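Data block below; observations after.
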Amino acid sequence: MSGEERISLNEAARRAGVSPATLTRWADAKIVPVRKGRWTPVSAAQARVVARMRERGHSLEELKQAGRDGKLAFGFSEEFFADRGEGVPISEASEQTGLAEALIERIMVVLGTPTGRERSLSTVDVEALRLINRVSEAGLPIEAVLQLVRVYAQSVRRIADAEVRLYHLYVHEPMIRDGLGALEMAQELAEIVETTSPMSPPLFEYLHDRYVRYFIEQDTVGHVEIEVGDDDGLGQVRITICFIDLTGFTRFTEEEGDAEAFSVIERFTETVEATLPPEANIVKSIGDEVMVVSPDPGTLVEWAVGFLALFPDRPKPRVGIHYGSAVFRDGDYFGGQINLAHRVVNRALGGEVLVTDRVADSIEDHEDLTLDGIGAVELKGFPEPTPLFLVRVPD
């Protein structure tokens, strides 16, 4: 896309989703900057942003000022990613892809773009659905296919969100502070996006292949090390579950401020990533809490004890570890054993590693670790008390 490419008024109106008369009125009022009546993809993209903001209730005067300040400039870069495929009725999409209409509906809901209002897709959507159907025809059950689509969607959504926010924080806002003109700002941002966007597919392919190799290896090792009969059913796996969080983090944030709290979380998360055993994997992090899984409870406990020693100051991390059966779905783990592990970490104090009896059994002969039983503890939501053990380095 070039910011100087000429398009007609009617084409600009089509792209913006408003009438040519409305576009002309906005241009005359300088709500949409147009040089000498020449419409370009950039100016049409700004008109589309203005139209959407109008739908959200913003006045033309507000939008005129926002456009003058350059606050809408990054929105023009959306033009580079525009889907210009022709509309395809969902019934025709079903015939072309071999997927049932109801299944297409489910897939589009998973992607976050339900087809409820407009009973049509684009040709780009149809091509993506063909790829999904090929995965299904290769032998993966449809429920597993939907899970895979959901994981892709959630992961790539986070990537796209991060890309846009980082461009906004480190490129767009400095331009606004420097007082760059709206059109100049829009064109410069569009050129940056146009230059860097082609790098995403090869980078994604590199990372995808790298991690698939890693997890194939882990899965192969898991099949060898888990005895036949250990798995509890389709979609379930025996796994070591570990939760780590920072004690007193809310009070620490109130006392030290958001900036210092963010710095602590960043160091905390980066240290988890940098020190984990090779077979362990971070499932997710939410605020000051990280969930880790591993096929080997012994090495994970050993890591946890060493990890806590890296944080002598407040807010101190604490760790809870359990070994049990979990349901694997959408790239995450669920079930009562996950909840149990989470209850365990809530009973730990700062600087402590608490484990259940199942984990304790796997490390009772470890010469570098000591187990101190604290008895059977009642955990919220579990009818029977759970034996817990404090793990530490021998005196």
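For residues that are charged (D, E, K, R) and farther than 16 Å from residue 241 by Cα, tally how many sit in segment 274-317.
4
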Which one is modelled with the highest pLDDT, of the residues in segment 1-56 that are surrounded by fewer than 16 Cβ atoms within 10 Å (Cβ to Cβ), assigned to a loop (DSSP other than H, G, I, E, B) and under 34 Å from the mean Cα position of the chain (by Cα)? 17
Within segment 232-250, restricting to residues that are hydrophobic (A, V, I, L, M, F, W, C) and more than 29 Å from residue 147 (Cβ to Cβ), the one that is surrounded by the most Cβ atoms within 10 Å (Cβ to Cβ) is 246
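Table: residues versus (1) at positive phi; (2) of a type in the set (Asp, Glu); (3) surrounded by 13 or more Cβ atoms within 10 Å (Cβ to Cβ).
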site: 252; (1), (2), (3): no, no, yes
site: 258; (1), (2), (3): no, yes, no
site: 266; (1), (2), (3): no, yes, no
site: 279; (1), (2), (3): no, yes, yes
site: 297; (1), (2), (3): no, no, yes
site: 301; (1), (2), (3): no, no, yes
site: 316; (1), (2), (3): no, no, yes
site: 319; (1), (2), (3): no, no, yes
Output for Cβ contacts, cut-off 7 Å, separation at least six or different chains, first residue within 19 Å of residue 66 (Cα to Cα) in segment 37-54, second at pLDDT 80 or above and aromatic (Phe, Trp, Tyr), reads 47/26; 50/26
List the strands (runs of 3 or more DSSP E) inside segment 252-368, counting only whole elements, that have at least 3 residues being closer than 14 Å to residue 239 by Cβ. 281-286, 289-294, 317-329, 332-334
Specify the residue that is surrounded by the fewest Cβ atoms within 10 Å (Cβ to Cβ); the eligible residues are those in segment 350-368 that are out of contact with any Gly (no Cβ under 7 Å at 6 or more places or on another chain) and among the β-branched types (Val, Ile, Thr). 356
Starting from segment 238-267, keep only residues that are more than 29 Å from residue 335 (Cβ to Cβ) and in contact (Cβ under 8 Å) with a residue 40 or more places away in the chain, then list their pairs with residues that are of a type in the set (A, V, I, L, M, F, W, C) and outside any strand (DSSP E or B) whose Cβ atoms are within a distance under 7 Å, requiring at least 6 positions of separation or different chains. 252/261
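Of all residues being outside any helix (DSSP H, G or I) and in contact with a Gly (Cβ under 8 Å, 6 or more places away or on another chain) in segment 126-181, which is surrounded by the fewest Cβ atoms within 10 Å (Cβ to Cβ)? Just the residue, please. Give the steps one after another, and end with the answer.
Filtering segment 126-181 down to residues outside any helix (DSSP H, G or I) leaves 138-141, 178-181.
Still in the list and also in contact with a Gly (Cβ under 8 Å, 6 or more places away or on another chain): 180-181.
On the way: 180: 17, 181: 14.
Here the answer is 181.
The values are calculated or read from the model by the stated rules, or taken from the named source; none is laboratory data. If you're wondering where the values come from, they're calculated on a predicted model, not measured in any experiment. Quick reminder, even Gly has a Cβ in these numbers, built from the backbone with ideal geometry, and neighbours come from all protein chains shown.
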